[in-house]
C-alpha cells in the first residue's frame with residue numbers, strides 16, 4: 001500500500017498541468033466528486049498536487065495516466081511559485097522597466113482627445129486612436145509597478161480564511 | 001585550520017549559488033524553442049506597449065497608487081491559476097466612465113474607472129480581469145492581427161490630398177498591410193511599420209469590430225474557471241453582467257455591447273458553464289470587505 005501511495009505521489013508531483021496545490025493535512029483522494037465516494041488512497045500533509053478544475057466542493061487532481069481523482073477543496077491550499085523558470089524569468093525581463101520623472105506627482109492624466117474631438121461616431125474614435133502618437137510615458141509607469149509576492153500570497157490566505165468562516169462560523173456569528 | 005576550511009567551503013558554496021542564479025536568469029541558456037518563444041513574446045510586448053500607449057493617450061490614465069496596486073495584485077493572483085502563469089501581467093486603469101476592459105498582446109490589461117466603480121466585490125473584479133487574462137492566454141487578439149479587414153487601418157495616402165494622386169486600390173492596401181504584419185509577427189522583419197500597423201489593427205479589433213462571439217464566450221468560460229480555481233465566487237461575473245443589464249440606462253455600456261455578444265446571451269452561456277462545474281456546491285469567497293476598503297480610495 002505504501003509503495004502504491006509513493007508511486008502515485010511521484011506521478012502527482014511530476015506533472016505540470018494547471019495549478020500546484022499543497023495538502024493541508026492527511027487527505028483522501030476520492031474516485032468521484034462526492035463525499036460518499038470510495039477513497040483511492042491517502043496523501044500526507046505538505047505534498048504537492050496538480051489540480052485542474054473545481055467541481056463543486058472538490059478539486060480535480062491528476063493521477064497516473066489519464067486518470068483523475070478528487071480532493072475536498074478545504075484540504076488543499078494555494079502554493080505560490082518559489083522560483084520562476086528560466087523562460088519565465090526571461091519573459092518577465094522582456095518587459096523593460098523605466099522610470100520617468102516623479103511618479104508620485106501623477107494622480108490622474110486627462111485625455112486630450114476626449115475633450116476636443118467628436119467621439120460620437122465609433123469610426124472617428126478609432127481614427128483618433130490610430131492617428132494619435134502613443135503615450136509611452138504612462139505605459140512605462142504601469143510597467144514599473146512592482147508586484148509583491150507576499151501581497152499576492154496574502155490574497156489566497158485571506159480568501160481561504162473567508163471560506164473557512166463559512167464552513168465553521170464562529171459562535172458569536174451564530 | 002578547520003575554520004579556514006569552513007570559510008573556504010562557504011565561499012565556494014556562495015560562488016556556486018551566485019553562478020546558478022546568474023545562469024537561471026540569463027537568456028543565453030534558453031533552449032532553441034524557449035528562445036523562439038521569447039522572441040515572439042518580445043514582438044508581442046512591442047505591439048501591446050504601442051496599443052496601451054494609444055489607449056492611454058485617448059482615454060487618459062487613472063493613477064492612484066493603492067488602487068492600481070490592488071487591481072494588479074488581484075489580477076496577478078488570478079493569473080497564477082491561469083494556463084499563462086509564466087507571464088508577467090501588467091495592469092492599468094483608464095480614466096473613462098465606460099464599463100470595459102482591454103487586453104493586448106504582451107499581457108497588458110486595462111480596466112476602466114467605470115467598470116471598477118460599478119463592481120460590488122473582489123470576486124467580480126477577479127472575474128472581469130480573468131476574462132481578459134483568458135483572451136491573452138488564448139492569444140485571441142494576437143492571432144487575429146494578420147487578418148486585416150477593410151476598415152481596420154486608415155490608408156494615409158487615400159485621405160491625404162497631397163498624396164491623393166497616388167491613391168491605391170483599398171483591396172491592395174489591405175493585402176499589403178496584412179502581409180507586412182505577418183512578416184513582423186513571424187520575425188522576418190524588424191520593428192517598424194509592420195509593428196505599428198499590427199498595433200493599429202489590434203486597436204481596430206478591440207475598439208471597432210471586436211473579437212468573435214465564440215472567443216468572447218470562451219474567455220467567459222475560461223475566466224470563470226481561473227477565478228473559481230482561485231477560490232472566488234463562481235457567480236460573480238454573472239452577477240456583474242446581470243447588474244449591468246438591469247442598470248443599462250444609467251451605466252455606459254455602449255462600447256461593451258458593440259464589441260461583445262449581448263449581455264443576456266453571455267449570461268445564458270455562463271449559466272451552462274456554472275451548471276457544468278456544479279457552481280451551486282462551490283463554497284467560495286467574495287472578498288467584499290477588502291474590495292470596499294480599497295474602493296473608498298477610488299476618487300476623482
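Please note which helices (runs of 4 or more DSSP H) are completely contained in the stretch B:1-98 and include at least 2 residues that are at pLDDT 80 or above and at the interface with another protein chain (Cβ under 9 Å from one of its Cβ atoms). Outline the logic, then answer.
Working: elements: B:2-25, B:32-59, B:65-79.
Because the criterion is at least 2 residues that are at pLDDT 80 or above and at the interface with another protein chain (Cβ under 9 Å from one of its Cβ atoms), the helices (runs of 4 or more DSSP H) in the stretch B:1-98 that meet it are B:32-59, B:65-79.
Just one of B:158, B:198, B:204 is modelled with pLDDT under 70 and either at positive phi or within 14 Å of chain A (Cβ to nearest Cβ) (or both); which is it?
So the residue among B:158, B:198, B:204 that is modelled with pLDDT under 70 and either at positive phi or within 14 Å of chain A (Cβ to nearest Cβ) (or both) is B:158.
Only residues that are in a helix (DSSP H, G or I) and without any contact (Cβ under 8 Å) to a residue 60 or more places away in the chain: list them for the stretch A:158-170, please.
Hits for the stretch A:158-170 are A:158, A:159, A:161, A:162, A:165, A:166.
Looking only at the stretch B:270-296, how many residues end up being within 24 Å of the chain's Cα centre (by Cα), within 7 Å of another protein chain (Cβ to nearest Cβ) and part of a helix (DSSP H, G or I)?
Number satisfying all stated conditions: 1.
Restricting to the stretch B:243-263, name every residue that is assigned to a helix (DSSP H, G or I) and under 15 Å from residue B:221 (Cα atoms).
The one that is assigned to a helix (DSSP H, G or I) and under 15 Å from residue B:221 (Cα atoms): B:263.
Could you go through the stretch A:115-126 and let me know if any residue there is surrounded by fewer than 17 Cβ atoms within 10 Å (Cβ to Cβ), facing chain B (nearest Cβ under 8 Å) and either in contact with a helix residue (DSSP H, G or I) (Cβ under 7 Å, 6 or more places away or on another chain) or modelled with pLDDT of 80 or more (or both).
Yes, there is a match, as at least one residue in the stretch A:115-126 is surrounded by fewer than 17 Cβ atoms within 10 Å (Cβ to Cβ), facing chain B (nearest Cβ under 8 Å) and either in contact with a helix residue (DSSP H, G or I) (Cβ under 7 Å, 6 or more places away or on another chain) or modelled with pLDDT of 80 or more (or both).
Only one residue in B:141, B:136 is out of contact with any helix residue (DSSP H, G or I) (no Cβ under 7 Å at 6 or more places or on another chain) and at pLDDT below 95, so which one is that? Give the steps one after another, and end with the answer.
On the way: B:141 fails: out of contact with any helix residue (DSSP H, G or I) (no Cβ under 7 Å at 6 or more places or on another chain).
It is B:136.
The values are calculated or read from the model by the stated rules, or taken from the named source; none is laboratory data. Remember, predicted model here, so these are calculated numbers, not experimental data. Counting neighbours? That spans all protein chains shown, and the Cβs are built from the backbone with ideal geometry, glycine included.
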